[in-house]
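Here the structure comes first, spelled out in structure tokens, and everything after it is commentary.
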């Protein structure tokens, strides 16, 4: 009998319907478990990194931003403000539920100097870079 190494990635159950779901517009917006994924634009500038996170319909009190072990985490919850049960709905695409996005920060980000602003449904995080140049020290070879 020939031994074959087990590879979980070869199992159809592992992949499920992920490939087809990727091309479905709702893949990024809403999942059956009530979570959703806000869109994030990341701009790498000379002295800063700017993250613009789309969070329409949220109040700033519903958003939590923290940094732990050089991982920036943005989380919150969009609550359904009153459920209407009408027969007139053809399709309901607005997403509700909790979300969580995490980003690893490079060593040049000054985690004590992060600025967060929230306006018109967009959370803007400005992360300052350490721009101090490391001095190059010449080593003399004996």
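Values in this text are rule-based calculations from the coordinates and carry no lab data. Since the model is a prediction, treat every value here as computed from it, not as a measurement.
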Practice task
Provide the gained length on full extension for the span residue 94 to residue 35, in nm with one decimal, where the gain is 0.36 nm per separating residue minus the Cα-Cα distance.
Solution key: 20.0 nm
Practice task
Please give the length that would be gained between residue 65 and residue 111 if that part of the chain were fully extended, namely 0.36 nm times their separation in residues minus their C-alpha to C-alpha distance (nm, one decimal).
Solution key: 15.4 nm
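Tell me, in nm to one decimal, what length is gained between residue 141 and residue 47 on full extension, where the rule is 0.36 nm per residue of separation less the Cα-Cα distance? Intermediate values should be presented prior to the final figure.
On the way: separation 94, 0.36 × 94 = 33.84 nm, distance 3.58 nm.
Result for the pair: 30.3 nm of gain on full extension.
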